[in-house]
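Okay, structure first, notes after.
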Amino acid sequence: MTKRILLTGASGGIGRAIAVRLANDGHRLTLVGRDADRLDALLSMLSGSHESLIQDLAAADAGVRIVDALGDVTPDILINCAGIQSLQRFDASDWALVERLMRINLLTPMALIHALLPRLKAGSHIINIGSVLGEIGYPGYVAYGASKGGLMRFSEALRRELQDTGIRVSWLAPRATDTALNSPEANDLNRALGNRVDDPSVVAEAVAELIASPKSSRVLGFPEALFTRINALLPRVVDGAISKQLDTIKAHLEEKS
């Protein structure tokens, strides 16, 4: 069945893969981003009829502006995919970047959902795309992890609050994914630690599966999915594992300081 889908961060690596997959599945998309040229290029390669909506998601009123721009159209599915990342010691982080990161990764998804909720009906579906780093606090990603961890708890609480309305809320946590979001230092760190890195199509496939068969939450990848469970039950075990990586992590952080 064709769904109307509102997708933020559509021109990014993961967003682009999601857009291609869902268009191929026959859904109708409204793509949200701030780069008109990139959105136009994406629209030109998608099968079917779709629209774009230009909006800087760092703006304080981005959520309300997006919903207003929809006019009479109400999406069946909202996918909050937009995000930015920074690998840096917290004390060396630029505070303006921290605030921008928190707004794009956490506050704007919340604001968009807040503005859209009065229009949603039973059967609507909200999918918030986070990160395994929202489930496991990790050195070097303190602000990023806080933003994604906040999105995880927001998704959980909202899902419970809406459970009598028929509106579904899902949290999807990818592991490291091969996109331009990753800095050279982040890519080097993943290689140094032997972290597996997924293609964006893996995340797009997971989104398609959530649409077909909604679940409350899903973490992608092994052993990452296992580590999130261990972290929830036995955080000191994860403390010990990360402490063995700390010198390597800090060496890569220092390259960027």
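Just wondering, is there one or more residues in region 37-58 that are under 17 Å from the mean Cα position of the chain (by Cα), of a type in the set (Gly, Ala, Ser) and surrounded by 14 or more Cβ atoms within 10 Å (Cβ to Cβ)?
yes
I'm trying to understand the selection: among the residues of region 197-224, which are among the small types (Gly, Ala, Ser) and in contact with a helix residue (DSSP H, G or I) (Cβ under 8 Å, 6 or more places away or on another chain)? Even if it seems obvious, please write down each step before you answer.
Narrowing region 197-224 to residues among the small types (Gly, Ala, Ser): 201, 204, 206, 208, 212-213, 216-217, 221.
Those that are among the small types (Gly, Ala, Ser) and in contact with a helix residue (DSSP H, G or I) (Cβ under 8 Å, 6 or more places away or on another chain): SER201, ALA204, ALA208, SER216, SER217, GLY221.
Tell me, please, whether a residue that is part of a loop (DSSP other than H, G, I, E, B), at negative phi and touching a strand residue (DSSP E or B) at 6+ places or on another chain (Cβ under 9 Å) can be found in region 164-174.
So in region 164-174, the residues part of a loop (DSSP other than H, G, I, E, B) come out as 164-167, 174.
Next, only the ones that are at negative phi stay: 164-165, 167, 174.
After this cut, where a residue has to be touching a strand residue (DSSP E or B) at 6+ places or on another chain (Cβ under 9 Å) as well, the list is 167, 174.
Within region 164-174, one or more residues are part of a loop (DSSP other than H, G, I, E, B), at negative phi and touching a strand residue (DSSP E or B) at 6+ places or on another chain (Cβ under 9 Å).
Where in region 25-81 are the strands (runs of 3 or more DSSP E), entirely inside, with at least 2 residues that are without any contact (Cβ under 8 Å) to a residue 60 or more places away in the chain?
Details: elements: 28-33, 51-54, 77-80.
Strands (runs of 3 or more DSSP E) meeting the threshold: 28-33, 51-54.
A quick yes/no check of all residues on (1) of a type outside the set (Ser, Thr, Tyr); (2) at pLDDT below 95; (3) out of contact with any strand residue (DSSP E or B) (no Cβ under 8 Å at 6 or more places or on another chain):
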{"site": "GLY26", "(1), (2), (3)": "yes, no, yes"}
{"site": "LEU31", "(1), (2), (3)": "yes, no, no"}
{"site": "ASP68", "(1), (2), (3)": "yes, no, yes"}
{"site": "ASP76", "(1), (2), (3)": "yes, no, no"}
{"site": "ARG89", "(1), (2), (3)": "yes, yes, yes"}
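From the residues in region 83-117 that are of a type outside the set (Asp, Glu) and assigned to a loop (DSSP other than H, G, I, E, B), which one is surrounded by the most Cβ atoms within 10 Å (Cβ to Cβ)?
Taking region 83-117 first, the residues of a type outside the set (Asp, Glu) are 83-90, 92-93, 95-98, 100-117.
Adding the requirement that they be assigned to a loop (DSSP other than H, G, I, E, B) leaves 83-89, 93.
Details: GLY83: 26, ILE84: 18, GLN85: 18, SER86: 20, LEU87: 22, GLN88: 20, ARG89: 15, SER93: 15.
For region 83-117, the residue satisfying everything is GLY83.
Can you name every residue in region 163-196 that is within 20 Å of ILE84 (Cα to Cα), aliphatic (A, V, I, L, M) and surrounded by 14 or more Cβ atoms within 10 Å (Cβ to Cβ)?
Residues satisfying the conditions are LEU172, ALA173, ALA176, LEU181, ALA186, LEU189.
Please find, among SER155, SER131, the residue that is within 16 Å of the chain's Cα centre (by Cα), buried (at least 16 other Cβ atoms within 10 Å of the Cβ), under 19 Å from ALA241 (Cβ atoms) and of a type in the set (S, T, N, Q). First the steps, then the outcome.
Numbers: SER155 fails: under 19 Å from ALA241 (Cβ atoms).
Exactly one residue qualifies, and that residue is SER131.
Tell me, yes or no, whether region 3-10 has at least one residue that is surrounded by 22 or more Cβ atoms within 10 Å (Cβ to Cβ), small (Gly, Ala, Ser) and either modelled with pLDDT under 95 or in a loop (DSSP other than H, G, I, E, B) (or both).
As a first pass, look at region 3-10 and keep what is surrounded by 22 or more Cβ atoms within 10 Å (Cβ to Cβ): 5-10.
From what's left, small (Gly, Ala, Ser): 9-10.
Restricting the remaining residues to those that are either modelled with pLDDT under 95 or in a loop (DSSP other than H, G, I, E, B) (or both) gives 9-10.
The answer is yes, given that some residue of region 3-10 is surrounded by 22 or more Cβ atoms within 10 Å (Cβ to Cβ), small (Gly, Ala, Ser) and either modelled with pLDDT under 95 or in a loop (DSSP other than H, G, I, E, B) (or both).
Among (1) of a type in the set (Val, Ile, Thr); (2) in contact (Cβ under 8 Å) with a residue 24 or more places away in the chain; (3) within 30 Å of LEU158 (Cβ to Cβ), which single condition is ILE230 missing?
(2)
Please count how many residues of region 198-247 are surrounded by 14 or more Cβ atoms within 10 Å (Cβ to Cβ), more than 23 Å from the chain's Cα centre (by Cα) and not in a loop (DSSP other than H, G, I, E, B).
Within region 198-247, residues that are surrounded by 14 or more Cβ atoms within 10 Å (Cβ to Cβ), more than 23 Å from the chain's Cα centre (by Cα) and not in a loop (DSSP other than H, G, I, E, B) number 2.
The values are calculated or read from the model by the stated rules, or taken from the named source; none is laboratory data. None of the values given here were measured: they were computed from a predicted structure. Every residue, glycine as well, gets a Cβ built from its backbone with ideal geometry; the counts of neighbours run over all protein chains shown.
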